[in-house]
1. How many percent of all Cα-Cα pairs in the range 9-66 sit more than 12 Å apart?
2. Any chance you could count the Lys pairs in the chain whose alpha carbons are under 17 Å apart, treating pairs 8 or more apart or on different chains as valid?
3. Work out the length of the dipole vector of the chain about its Cα centre, built from +1 on the beta-carbon of each Lys and Arg and -1 on the beta-carbon of each Asp and Glu, and round it to the nearest 20 debye.
4. Once Lys and Arg get +1 and Asp and Glu get -1 on their Cβ, which of 37, 55, 20 lies farthest toward the positive end of the dipole of the chain?
5. Extension gain residue 50-residue 18, at 0.36 nm per residue separation less the Cα-Cα distance, in nm?
Amino acid sequence: MGKHHKKLLNQLAHFRKNAGLTQQALSEEASVSRKSINAIENGIYVPSTVLALKIARTLNCSVEEIFQLPS
C-alpha cells in the first residue's frame, strides 16, 4: 500500500502511476517541486488542503481516494 506518514495514509504513487504520470509531470500540474511529490509518496510530508485538492483534480479522483486518516 505504500509508505505512510503517522498521521496520514496515502495512495498517491498508485494513483499517479495509474494516470501514467511521472512525479515531475504531477508536480508541474500541481505547481510544486518534484521533491514535494516524492516526500508525500514516501510519507515524509503531509500536503496542505490546497495541494491535496490540486493533486486530486489532476488525477481525476477525490482527495479521500488518495489520502486517508489512520484507524
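Throughout, read-outs are computed from the coordinates displayed, never taken from laboratory work. As the structure is a prediction and not an experimental result, all values here were calculated from the model. Reconstructed Cβ throughout: ideal geometry from the backbone, glycine too, with neighbour counts over all protein chains shown.
1. 60 percent
2. Qualifying lysine pairs in the chain: 5.
3. The dipole magnitude comes to about 200 debye.
4. Farthest towards the positive pole: 37.
5. Contour length minus the Cα-Cα distance gives 9.3 nm.
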